[in-house]
Structures are given as structure tokens and as C-alpha cells.
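*Asks:* Could you have a look at this structure, given as C-alpha cells, before my questions?
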Amino acid sequence: MKEILEKTRLAKRYVVHHDWTRLGAAALVLLSVYLAFIWAPPINAPLQSEFVEGGSYFASGKQSFTVDGASVTGPASIDVSSIEETDSAYVVTGLLGDGREATLTVQKADVTQVVAKEGSGGDISRLEIVHSVFQGESWRIFYFHVGISWVMALAFFHTFVASLAYLRTEGQRWDIVAQASAEIGFVMATLVLVTGSIWAKPAWGTWWNWDPRLTTSLVLWLVYGGYLGLRGEGMERQSAVYGVLAFASVPLTFVSIRLWRTVHPTTIDSSGVNMGSSIVMVMLIALVAMTFLFIHVMSLSIKVGLAEEKVKEAKRSIRE
Amino acid sequence: MSELTYLAAAYAAIWVAFFGYSLYLAKRLKRLESEVELLNE
């Protein structure tokens, strides 16, 4: 009896009182779905663009440009031939793959950051800007995409802490927490890739590209897939070492959009939060809703781990 | 496909995964609990 009580102490620490976690999660999820689908407007989101004379620019599915006097929407690749600055806009001219001339105009009012390098003839040879682009309905994926990314990081952080604790104490309960959180983190990492990919199709015209954020996310998914593959009878110590080392890929994924140039939207950067207050509010509610869901699923997963441990012990004692 | 179709697909994927994983855990727990009872007997 004493042993069983000891084993369930950890589960209680994770708030296994399902009534309020279930109720809280359900209420918050409903509220955030309502807000994300109905209340929040489609928004403008920041986009980093780099135009280089003689280089190629990828116009996303959310950007418009002019071809033969008509407005055309991306995605399309433009071979940039000139970059000009007027009083109110930056005008980028270039050729599409089929040889037609395209003109992309970015209003200065939409630009929040700009770095321009002058060419030999007085025009601009290189232009790096952060500008807001209207995102349309598919942007609403963002509210839950960010929420599940947060839960993924939270779960892998639990794996990291529990692995460290296992290496220090060799307590079986920490191994159970590490496995439970890694499983949840892996499901979330899969969802991050799937929802991101679904958003990328209308935005970038492709399901996937090797952007730094996407690539590091895929590496993260593979790293924790490896962790789950490694786990097994007698592999607790090796799994714990792996669980500690694997965590390095989590912060790397998050800072990748600051370390390297990316087409991934940068909603938070050195200049602050690039979103309106209503967007931030809905996103925060979605984050809390996802955190409640995480607590619920985590507690369930730990209970499964503890029950598996009890079964193993019972079988051992019968054999003895 | 319209933007709303992509939106619906993404939301469906999230909830299917969440409920699917919860159901999978609940099933595992139920199976284990009955195994414990059997072993106790």
C-alpha cells in the first residue's frame, strides 16, 4: 500500500484531478476556437523580404504584383532586374519564368524595417525589408500552430528535466515522466509539421521548402523519433542521456528564424511583437487552452506509465 | 482548394491527433488496470 501511494504521488503532482482539467480544457478550447474562427479578423503579418539586383525573389501566395497591366497573385519566382525607390513605395521589377515582366510594389507604409544598399548607378542594388502582408483566412491556422509549438517545447522540456532527474536519482518515476512527455512532444511535433505544411501550401505555393525553421523542425521531429525508438527494457540510462542531449534541438528550432534568413513569418523579433493586441489576446487564450490539454494528456500518460510499472512489478513478484 | 479548406484540414488534423492520442492512452490504461486486477487475484 505504501509503495502504491509513493508511485501515485508524482501523478498527483501533475494534477490528475480530471474534473477540472477536463472542464477547463474544454471551456478554453471552445472559447479559443470561437475567437480564432469568428471573432479575430484575418490579419496582416510581417514578412522578411530580400531583393537583390540580378538575384531571384520568391513572391508568396499572399503577394500581388503587376504583369502586363494586370494584378497577379503569387506564388512566383521573379528574377530581379531593378529596385527603385519612390516617395511612397519600393518598386521591384523583374522577369517571371515565362519571360514576362513583373512589377512588385511595396508601399513604404507597410514597411517596418529597411536596409538598402546603393548600386553604382545610384539605384538600389540590395533591399532587405520587413513588411506586412495580408494573410487571408488560412492565417487562422496560426493560433493553434503556435499553441501546439508551445506545448511541444513544454513537453520536451519535461523530458529534459525528468531525464536529468533520472540520471541523478535513478528513480523509475522520472523515466516514466520522460517517456510520457516525449510521446506527447512527438505527437505535437508531428502536428507542428502537418499544420505548418497545410498553411505553407496557399501561402508559399508548396507543401514544403528547406527554410531554416522548417528544416530545424524536421530535425527536431527526427531526434525525438529516435529517442522513442531507443526506449525499451533496460535502456533507461541511455534514454536519459539522449533525452538531455536531444533538448539542444528545441532552442535551436526556436531561434533559427533569428539566426538565418527565413520566409517563415517572424511575429516576435528584436523590435517587439509584430501583431495587433486582438491577435495577441486570441493567441494567448489558445496557448492557455493548449496548456490545459497538455496537463490533461500528460496526467493520463503518467497514469499509464505507473500502471505499466505496477504490472511489471507484479509479474516479477509472481515469478519469484 | 479554397483557403477555408486548408483551414478546416489543419484544425481537423489537430483535433483528430489530440483525441486519438487520448483514446489510445485511455485504452492502454484500461487494459493495464484489468491486467493488474487479474494479477492481484
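The values are calculated or read from the model by the stated rules, or taken from the named source; none is laboratory data. In this text, all values refer to a predicted model and were calculated from it rather than measured experimentally. Cβ placement follows ideal geometry from the backbone for every residue including glycine, while neighbour counts extend to all protein chains displayed. Areas reflect the complete protein model, heavy atoms only, side chains present, ligands, DNA and RNA absent. Shrake-Rupley method; radii C 1.70, N 1.55, O 1.52, S 1.80 Å.
*Asks:* Checking B:ARG28 against (1) more than 20 Å from the chain's Cα centre (by Cα); (2) within 7 Å of chain A (Cβ to nearest Cβ); (3) of a type in the set (D, E, K, R), which single condition isn't satisfied?
*Replies:* That leaves (1) as the condition not met.
*Asks:* Still on this structure, I have one more. Step by step: first the residues of segment A:136-180, then only those that are open to solvent by 10 Å² or more (accessible area, probe 1.4 Å), within 14 Å of chain B (Cβ to nearest Cβ) and among the polar types (S, T, N, Q), then the one that is nearest to A:SER60 (Cα to Cα). Which residue is that?
*Replies:* Within segment A:136-180, the match that is nearest to A:SER60 (Cα to Cα) is A:SER149.
*Asks:* All but one of (1) open to solvent by 70 Å² or more (accessible area, probe 1.4 Å); (2) touching a Lys or Arg at 6+ places or on another chain (Cβ under 9 Å); (3) within 17 Å of A:VAL187 (Cβ to Cβ) hold for B:MET1; state the number of the condition that does not hold.
*Replies:* Here B:MET1 meets the rest and fails (3).
*Asks:* Taking segment A:199-233 on its own, how many of its residues are farther than 25 Å from B:ALA8 by Cβ and either in contact with a Pro (Cβ under 8 Å, 6 or more places away or on another chain) or away from chain B (no Cβ under 14 Å) (or both)?
*Replies:* Residues that pass the stated criteria total 17.
*Asks:* Related question: In segment A:86-144, how many residues are assigned to a strand (DSSP E or B), without any contact (Cβ under 8 Å) to a residue 60 or more places away in the chain, closer than 30 Å to A:MET283 by Cβ and of a type in the set (A, V, I, L, M)?
*Replies:* Within segment A:86-144, residues that are assigned to a strand (DSSP E or B), without any contact (Cβ under 8 Å) to a residue 60 or more places away in the chain, closer than 30 Å to A:MET283 by Cβ and of a type in the set (A, V, I, L, M) number 5.
*Asks:* For segment A:290-320, give me the residue count where each residue is at pLDDT below 85 and within 17 Å of the chain's Cα centre (by Cα).
*Replies:* Total satisfying the criteria: 0.
*Asks:* Oh, and also: Looking only at segment A:186-194, decide whether some residue is open to solvent by less than 30 Å² (accessible area, probe 1.4 Å) and either at the interface with chain B (Cβ under 9 Å from one of its Cβ atoms) or in contact with a Lys or Arg (Cβ under 6 Å, 6 or more places away or on another chain) (or both).
*Replies:* Yes, because at least one residue in segment A:186-194 is open to solvent by less than 30 Å² (accessible area, probe 1.4 Å) and either at the interface with chain B (Cβ under 9 Å from one of its Cβ atoms) or in contact with a Lys or Arg (Cβ under 6 Å, 6 or more places away or on another chain) (or both).
*Asks:* Could you go through segment B:1-15 and let me know if any residue there is in a helix (DSSP H, G or I), free of Cβ contacts under 8 Å to residues at least 12 places away in the same chain, more than 9 Å from every other protein chain (Cβ to nearest Cβ) and charged (D, E, K, R).
*Replies:* The answer is no; no qualifying residue exists.
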